[in-house]
Amino acid sequence: ELSHVPGDDGPGDSVRRPDPDAPAIAVRDLHKSFGDVEVLKGIDFHVDHGQVVCVIGPSGSGKSTLLRCVNRLEEPSSGQILVEGIDITDPETNLDAVRARIGMVFQQFNLFPHMTVLRNLTIAQQRSLKRDRAEADRIARANLAKVGLADREDAYPAHLSGGQQQRVAIARALSMEPDMMLFDEPTSALDPELVGDVLEVMKTLAAEGMTMMVVTHEMGFAREVGDKLVFMDGGVIVEEGDPAEVLAAPQHERTRSFLSKVL
Ligand code: ADP
Ligand code: MG
């Protein structure tokens, strides 16, 4: 169960500890509306620790909104989202503490253009995690090496290819040492020849046991790396299951129709 740190019970200050027995992410009957338009219509799913869950579905089906609800970039209209057992829809929950455990990578890399690659990786470590410069540099360099960009720490983002920029964005997220990573179409903005290097980095992360939720159109990646494939359409999960099985033998007409267009 959730536990409080003694003596730290002020409103909004309560520190809830992650529950190691809870799933990494559990979503229960999640609804999200923008004005009158309901874009998530009752979503239930979970991601276990170390699992890679891939989310596919047509444009506008609510994939990004779902991902953004999981780290509360969007506020759910109703339902529950538990991150490591902590209810992030509870107003008492310290959202910053939960968000610090979730790395996010977007289609647009969102690097700081006026900072070097190394600085992009150290600034949040120093500001949010209060690491000193030497430690932040050390962790940043280890993560740049991991994504194959150890030799580019002094470059500015504009001097890198899109694929390199996305790998920097991944290294930046990893430098915060998150418990899980959310990816929203990380390769969709890339030229085709640059996609492979980014997927390779994600594959390595998965092999190391990182918990990952990946919105993607890369069916090969979903089949090879995913533990579970979720197909969304119209704000609901139409079907989910073993990626190879869903891709080879979809159970629903909407899934078949979508796959016939993308495969
Ligand atoms: P996907 O990522 O699957 O393409 P999104 O989650 O981005 O889908 O969008 C789902 C629906 O919600 C779309 O119809 C989109 O126009 C709408 N939507 C997303 N964000 C907002 C917003 N901030 N305000 C209003 N409508 C939004
Ligand atoms: Mg999207």
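Where a number appears in this text, it was derived from the coordinates with a stated rule and is not lab data. Note that the coordinates shown come from a computational prediction; the quantities given were computed from them, not determined experimentally. Quick reminder, even Gly has a Cβ in these numbers, built from the backbone with ideal geometry, and neighbours come from all protein chains shown.
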Residues Asp242 and His114, FRET efficiency given R0 of 30 Å [Cβ-Cβ distance, rounded to 0.05]: 0.10
CD proxy, 222 nm, the chain: helix-only mean residue ellipticity via -39,500 (n - 2.57) per DSSP H run with n ≥ 4, per residue, nearest 500, stands at -10500 deg cm²/dmol
Set Lys and Arg Cβ to +1 and Asp and Glu Cβ to -1, take the dipole of segment 129-263 about its Cα centre, and tell me which of Ser257, Gly241, Ala140 lies farthest positive. Ala140
By the C-alpha gyration tensor axes a ≥ b ≥ c (rounded if a/c is under 1.5, else prolate when a/b exceeds b/c, else oblate), the shape of segment 173-263 is prolate
Nearest-20 debye value, the chain charge dipole, Cβ charges on Lys, Arg, Asp, Glu: 780 debye
Have a look at Gly57, Gly85, Gly35 and tell me which one the Gaussian network model of the chain (Cα, springs below 10 Å) gives the largest fluctuation. Gly35
Normalised by the residues of the chain, what does the relative contact order come to in percent, with Cα pairs under 8 Å and at least six apart? 24 percent
Neighbourhood charge, 15 Å Cβ-Cβ cut-off, centred on Arg223 and excluding it, Lys, Arg +1 and Asp, Glu -1: -4
If you place +1 on the Cβ of every Lys and Arg, -1 on the Cβ of every Asp and Glu, and leave all else neutral, what size is the dipole of segment 96-152 about its Cα centre, to the nearest 20 Debye? 80 debye
Amide H contacts under 5 Å for Val39, placed H, 5+ residues apart: Lys32, Ser33, Phe34
From phi via Karplus (6.51, -1.76, 1.60), per-residue ³J(HN,Hα) for segment 228-234 in Hz, x at Gly/Pro: 8, 10, 10, 9, 10, 8, x
Taking the dipole about the Cα centre of the chain, with the C-beta of Lys and Arg at +1 and of Asp and Glu at -1, give me whichever of Ser175, Pro18, Ser33 is farthest to the positive side. Ser175
Suppose R0 equals 22 Å. What FRET efficiency, 1/(1 + (r/R0)^6) with r the Cβ-Cβ distance, do Glu177 and Ala134 give to the nearest 0.05? 0.85
Cα gyration tensor category, rounded, prolate or oblate, for segment 98-145 with a/c compared to 1.5: oblate
Shape category assigned to the chain from the gyration tensor of Cα positions, a/c cut at 1.5: oblate
At R0 = 25 Å, FRET efficiency that the Cβ-Cβ distance of Gln107 and Lys261 yields, to 0.05: 0.80
Measuring from a point 7 Å past the Cα of Leu95 along Cα-to-C-beta, which residues in segment 102-132 have an amide N at less than 15 Å? 102
For segment 96-246, averaging the sequence separation of alpha carbon pairs under 8 Å that lie six or more residues apart and dividing by its residue count, the contact order in percent is 25 percent
Can you compute the charge dipole magnitude of segment 39-95 about its Cα centre, using +1 on each Lys and Arg Cβ and -1 on each Asp and Glu Cβ, nothing else charged? Give it in debye, rounded to the nearest 20. 360 debye
How big is the antiparallel share of DSSP beta bridges in the chain, given as a percent to the nearest 5? 55 percent
Above-threshold pairs, the threshold being 22 Å between Cα atoms, out of Lys63/Lys130; Lys63/Lys228; Lys203/Lys228; Lys63/Lys261; Lys146/Lys203; Lys203/Lys261: Lys63/Lys130; Lys203/Lys261
Only residues of segment 164-195 count here: report those whose backbone N is under 17 Å from the spot 7 Å along Cα→Cβ of Arg127, or say none. 169, 172-177
